[in-house]
Amino acid sequence: MKIHLQNSKECFLCKSTSNLERHHIFGGANRDISEKYNCCVWLCHKHHNEPPEGVHHNRTYDLMLKQIAEEELERAFGEERFRKEFGKCWK
């Protein structure tokens with residue numbers, strides 16, 4: 001089962017269609033799980049990797065994306081399974 005967070009290929013945050021990069025919402029040890037459930041969004045370079053607004057530098061944006069994906073996954077297969085898969089909760 002996969003979730004679907006975007007309907008078009010544009011930056012999830014600003015809607016730009018230029019310089020897009022695919023972002024795994026749950027990275028690090030959970031990157032493979034992000035791939036498994038399609039917990040990825042398109043971000044422009046500015047919102048992906050550039051300080052201070054890039055999600056790799058901006059805790060507010062990073063947490064927002066994690067919470068959105070967590071809510072979708074919990075709707076799809078429940079809170080208990082989400083916590084089992086990811087080992088924690090971001091809400």
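The values are calculated or read from the model by the stated rules, or taken from the named source; none is laboratory data. Note that the structure is predicted; figures quoted are calculated from it, not measured. Here the Cβ is made from the backbone with ideal geometry for all residues, glycine too, and neighbour counts use every protein chain on show. Calculation scope for accessible area: heavy atoms of the full protein, side chains included, ligands and nucleic acids excluded. Shrake-Rupley method; radii C 1.70, N 1.55, O 1.52, S 1.80 Å.
Rundown of residues vs (1) assigned to a strand (DSSP E or B); (2) in contact (Cβ under 8 Å) with a residue 40 or more places away in the chain; (3) open to solvent by less than 100 Å² (accessible area, probe 1.4 Å), yes/no style:
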site	(1), (2), (3)
5	no, yes, yes
8	no, no, yes
21	yes, no, yes
30	no, yes, yes
42	yes, no, yes
47	no, no, yes
51	no, no, yes
56	no, no, no
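Looking at region 77-91, can you tell me whether even one residue there is outside any loop (DSSP other than H, G, I, E, B), modelled with pLDDT of 95 or more and open to solvent by less than 30 Å² (accessible area, probe 1.4 Å)? Explain how you work it out, then say what you get.
Here is the first cut: in region 77-91, the residues outside any loop (DSSP other than H, G, I, E, B) are 77, 79-86.
Applying the additional criterion that residues be modelled with pLDDT of 95 or more yields none.
No, region 77-91 has no match at all.
Would you check which residues across region 58-71 are under 20 Å from residue 89 (Cβ atoms) and either within 10 Å of the chain's Cα centre (by Cα) or part of a loop (DSSP other than H, G, I, E, B) (or both) and list them?
First, pick out the residues of region 58-71 that are under 20 Å from residue 89 (Cβ atoms): 59-71.
Selection gives 61, 62, 63, 64, 65, 66, 67, 68, 69, 70.
When residue 17 is tested against (1) open to solvent by 20 Å² or more (accessible area, probe 1.4 Å); (2) β-branched (Val, Ile, Thr); (3) at pLDDT below 95, only condition (3) is not met. Tallying residues that are buried (at least 17 other Cβ atoms within 10 Å of the Cβ) and not hydrophobic (A, V, I, L, M, F, W, C) within region 58-71 yields 4.
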